[in-house]
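Notes follow the structure.
The values are calculated or read from the model by the stated rules, or taken from the named source; none is laboratory data. Keep in mind it's a predicted model, so treat the numbers as computed, not measured. We place every Cβ from the backbone using ideal geometry, glycine too, and count neighbours over all the protein chains shown. Heads up: the accessible areas ignore ligands, DNA and RNA and are worked out on the full protein's heavy atoms, side chains in. Shrake-Rupley method; radii C 1.70, N 1.55, O 1.52, S 1.80 Å.
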Amino acid sequence: MNFKEWQKNQKVILIDGSMSLGLEEQGLDLNDALWTAKALVNEPDKIEKVHQNYYDVGANIAITASYQATVAGFERLGHTTEESRALIKRTVELAKQAQTKSQGTQEKWVAASVGPYGAYLADGSEYRGNYGLAQTELVDFHRERLELLLEAGADLLAIETIPDLTEIQALIELLVQHPKASAWLTVTLNDAHHLCDGTDLRVFQLLAESSEQIIAYGVNCVQPDLVLPALEYLKEIATKPLVAYPNSGATYDATTKVWTHSHAVDEVFSNEALKWHGLGCKWIGGCCCTSAKEIKLLKETFAAVL
């Protein structure tokens, strides 16, 4: 059975947490233009270990370390085109290796991360949008990586942290060229009803609802207190499953590339997550500054009620 068929009958699907925190806990310095993709070059075993940790505590989906991995980004650091392409495909292979090594007995899948153009810029633009690029330019930017990730055998695409309407339109246009692909699409928010570029969340929703390749949609890497009101807004007309994997509530400084941590994380990934689920949010996980601890808490929370 493929992922698209499997997910239809699930009451809750657990997505993993932060890759960056998992790597930092293993001693990596990620203050780099490639961010987590930096580890693909020299320490891929540590990426695999992060994936395995999430599978071990019950995650159904591991998101690959390709969020900030692009051919242009690797080439900028001196890698050849072929080396760069191989590194991007390697992100899927590492997650698959972790799948086979994990002791978890749940169903396990690999979602290939397709991060926004702003991630390539490495300046925090994924929380602003309005890049000044045409839709055709963004299609061209995303095309090769998306194709490489599908070729590598990912079960689905995690098109995530998208701040910008033009980029959403570009990615949906690109998905049409891959009719057999499945994807989720999640956005970042300026407030509970608007994307970072100011677009009404409903505009994004209508586009996601109309795409045959997008099987779920929602929000990620947003402050936890935005999730519930955003889901309440989306639920009004949603016919597809909703997705939420917020950050821990920490705040990010794009200049220093440092997160300032918050509190009440346990409440977010237990009682708050149950409220999200009640609004049709079936796919739930964590983003920046979350760890296997939070995913384990989600597993325990939903095991007790479902």
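Residues in the stretch 272-289 that are modelled with pLDDT of 95 or more and either open to solvent by less than 20 Å² (accessible area, probe 1.4 Å) or in contact with a Ser or Thr (Cβ under 8 Å, 6 or more places away or on another chain) (or both): 9 in all.
Taking the condition of being in a helix (DSSP H, G or I), of a type in the set (Val, Ile, Thr) and out of contact with any Asp or Glu (no Cβ under 8 Å at 6 or more places or on another chain), how many residues in the stretch 290-306 meet it?
Looking only at that region, the number is 1.
Report, by residue number, each residue of the stretch 113-152 that is under 15 Å from the mean Cα position of the chain (by Cα) and outside any helix (DSSP H, G or I). Residues satisfying the conditions are Ser113, Val114, Gly115, Pro116.
Here Thr36 qualifies as without any contact (Cβ under 8 Å) to a residue 40 or more places away in the chain and within 16 Å of Ala158 (Cβ to Cβ). Which count do you get for residues in the stretch 20-68 that are in contact with a strand residue (DSSP E or B) (Cβ under 7 Å, 6 or more places away or on another chain), over 18 Å from Leu148 (Cα atoms) and of a type in the set (Gly, Ala, Ser)? Qualifying residue count for the region: 2.
The criterion of at least 2 residues that are more than 23 Å from Lys282 (Cα to Cα) and among the small types (Gly, Ala, Ser) is met, among helices (runs of 4 or more DSSP H) falling completely within the stretch 1-112, by 19-24, 71-76, 81-101. Residues in the stretch 16-50 that are among the aliphatic types (A, V, I, L, M) and more than 19 Å from the chain's Cα centre (by Cα): Leu28, Val41.
Screening the stretch 296-306 for residues that are more than 22 Å from Lys4 (Cα to Cα) and under 20 Å from the mean Cα position of the chain (by Cα) and picking the one that is surrounded by the fewest Cβ atoms within 10 Å (Cβ to Cβ) gives Lys296.
All conditions but one from (1) in contact with a strand residue (DSSP E or B) (Cβ under 8 Å, 6 or more places away or on another chain); (2) over 12 Å from Ala152 (Cβ atoms); (3) of a type outside the set (A, V, I, L, M, F, W, C) apply to Glu75; the one that does not is (1).
Out of all the residues in the stretch 49-59, which are closer than 14 Å to Trp109 by Cα, open to solvent by less than 30 Å² (accessible area, probe 1.4 Å) and either without any contact (Cβ under 8 Å) to a residue 60 or more places away in the chain or not hydroxyl-bearing (Ser, Thr, Tyr) (or both)? His51, Tyr55, Gly58, Ala59 - these are the residues of the stretch 49-59 that are closer than 14 Å to Trp109 by Cα, open to solvent by less than 30 Å² (accessible area, probe 1.4 Å) and either without any contact (Cβ under 8 Å) to a residue 60 or more places away in the chain or not hydroxyl-bearing (Ser, Thr, Tyr) (or both). Can you pull out every residue in the stretch 44-64 that is hydroxyl-bearing (Ser, Thr, Tyr) and either over 13 Å from Val92 (Cα atoms) or modelled with pLDDT under 95 (or both)? Passing the criteria: Tyr54, Tyr55. Please work out if Leu242 is under 27 Å from Leu298 (Cβ atoms), touching a helix residue (DSSP H, G or I) at 6+ places or on another chain (Cβ under 8 Å) and either among the basic types (Lys, Arg) or in contact (Cβ under 8 Å) with a residue 40 or more places away in the chain (or both). Considered against the rule, which asks whether it is under 27 Å from Leu298 (Cβ atoms), touching a helix residue (DSSP H, G or I) at 6+ places or on another chain (Cβ under 8 Å) and either among the basic types (Lys, Arg) or in contact (Cβ under 8 Å) with a residue 40 or more places away in the chain (or both), Leu242 comes out as yes. Quick one: in the stretch 224-255, of everything that is surrounded by fewer than 19 Cβ atoms within 10 Å (Cβ to Cβ) and polar (S, T, N, Q), which residue is nearest to Lys4 (Cα to Cα)? Checked the stretch 224-255; the qualifying residue nearest to Lys4 (Cα to Cα) is Thr239. The set of residues in the stretch 189-223 being assigned to a loop (DSSP other than H, G, I, E, B) and either touching a helix residue (DSSP H, G or I) at 6+ places or on another chain (Cβ under 8 Å) or open to solvent by 50 Å² or more (accessible area, probe 1.4 Å) (or both) consists of Ala192, His193, Cys196, Asp197, Thr199, Ser211, Glu212, Gln213, Cys221, Val222, Gln223.
Taking the criterion of being out of contact with any Gly (no Cβ under 7 Å at 6 or more places or on another chain) and either under 18 Å from Ala119 (Cα atoms) or open to solvent by less than 20 Å² (accessible area, probe 1.4 Å) (or both), the residues of the stretch 1-32 that qualify are Phe3, Gln7, Ile13, Met19, Ser20, Leu21, Gly22, Leu23, Asp29, Leu30, Asn31, Asp32.
Considered as a group, the residues in the stretch 116-141 that are closer than 14 Å to Leu34 by Cα and touching a Pro at 6+ places or on another chain (Cβ under 9 Å) include one that is modelled with the highest pLDDT, and that residue is Pro116.
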